[in-house]
Amino acid sequence: MLTWTVNGKQIDVGPGQGLCIPRGAIHRFDNNGVQDAKALCIITPSRVRSGVFSGEPAEAIRTAGGGPPDRVKMAEIMRRHGLIPAPPPPQA
């Protein structure tokens, strides 16, 4: 289960479910569970620069050694690829 936040609204998406995010919507996802999660993301038409989901981000995730990647480093990588990091979720 991943919790997506799209324009401030939280939406839980589980196995076999889908979510359409409108172009320009501020969005993020969080895995609030204890199990790893996988997601298939299809971006069409492509507006994301090549390499944004591989290379640097993959290395930052590997460097984290199984924990969450460094948020500051990930934000820097996103900005270099023309993305604007979504703000963190509000604290409960």
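Among the residues of segment 60-83, is any touching a Leu at 6+ places or on another chain (Cβ under 8 Å) and modelled with pLDDT under 85?
Among the residues of segment 60-83, not one is touching a Leu at 6+ places or on another chain (Cβ under 8 Å) and modelled with pLDDT under 85, which makes the answer no.
Take the conditions (1) of a type in the set (Val, Ile, Thr); (2) modelled with pLDDT of 80 or more; (3) surrounded by 10 or more Cβ atoms within 10 Å (Cβ to Cβ); Val52 misses just one of them, which is (2).
Please specify each residue of segment 1-38 satisfying the condition of being among the charged types (D, E, K, R), within 13 Å of the chain's Cα centre (by Cα) and more than 18 Å from Pro88 (Cα to Cα).
Selection gives Lys38 alone.
The C-beta contact set for segment 31-46 (first residue over 18 Å from Ile11 (Cα atoms), second residue surrounded by 10 or more Cβ atoms within 10 Å (Cβ to Cβ), distance under 8 angstrom, 6+ apart or interchain) is empty. Looking across segment 61-88 at every residue that is of a type in the set (A, V, I, L, M) and assigned to a loop (DSSP other than H, G, I, E, B), the one that is surrounded by the most Cβ atoms within 10 Å (Cβ to Cβ) is identified as Ala86.
The values are calculated or read from the model by the stated rules, or taken from the named source; none is laboratory data. Please read these numbers as outputs of a predicted model, since none were measured by experiment. Note that we place each Cβ from the backbone using ideal geometry, even for glycine, and neighbour counts take in every protein chain shown.
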